[in-house]
Amino acid sequence: MIRRSILAAALSLLTVAALAQTATQPPAATPPGATPPAVAPAAPKAKSDITLAKFQKRREKAIMAADTDGDGKISLLEWEALQAKRNAKGDAAKSFARIDSDHDGFIDRAELDAFFAKRFARLDKNGDGILSADEMPSHKSAAKPEQ
């Protein structure tokens, strides 16, 4: 009875070892005239790499949270409240005016997109259209201290 169990275990191990070898062997050469197999897709970008669309979406989501009345745009009062909540340094009215490019007294999504596109371009030092970890501002990528 014990011999049969040992024999079954040994055969199982040999089978697993044989399967592992066949799974890790390099693919056979392509015969002449045959089409080569499709190349595996490139490895995905690192999670820290950010495209312009992702950059704009993240920032817009965070800032549009200030739209407390739900009208799709941010007033100076809503902007000041957001800046106070975020403990932002600097004059809220000046930063509001910098983003409010049409000077209508509101920041809308189009103005945010244009503002963040300019910011993205400044941060993207190598101009490849992707912000890598070394291009991100240190205050954004630094680990947050425990509170």
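The values are calculated or read from the model by the stated rules, or taken from the named source; none is laboratory data. These numbers were taken from a predicted model, which means no experiment stands behind them. With ideal geometry, Cβ positions are generated from the backbone for all residues, glycine too; neighbour counts draw on all protein chains shown. Only protein heavy atoms, including side chains, enter the accessible area calculation; ligands, DNA and RNA are left aside. Shrake-Rupley method; radii C 1.70, N 1.55, O 1.52, S 1.80 Å.
Descriptive notes on the structure:
- Residue count, the range 67-91 (criterion: under 29 Å from Ile130 (Cα atoms) and in contact with a Phe, Trp or Tyr (Cβ under 6 Å, 6 or more places away or on another chain)): 2
- Spans of helices (runs of 4 or more DSSP H) in the range 17-99 with at least 2 residues at pLDDT below 90 and closer than 19 Å to Arg119 by Cα: 52-64
- Hits in the range 73-123 - residues which are open to solvent by 60 Å² or more (accessible area, probe 1.4 Å), of a type in the set (S, T, N, Q) and within 16 Å of Glu60 (Cβ to Cβ): Ser101
- Conditions (1) outside any loop (DSSP other than H, G, I, E, B); (2) modelled with pLDDT of 90 or more; number of the one not met by His103: (1)
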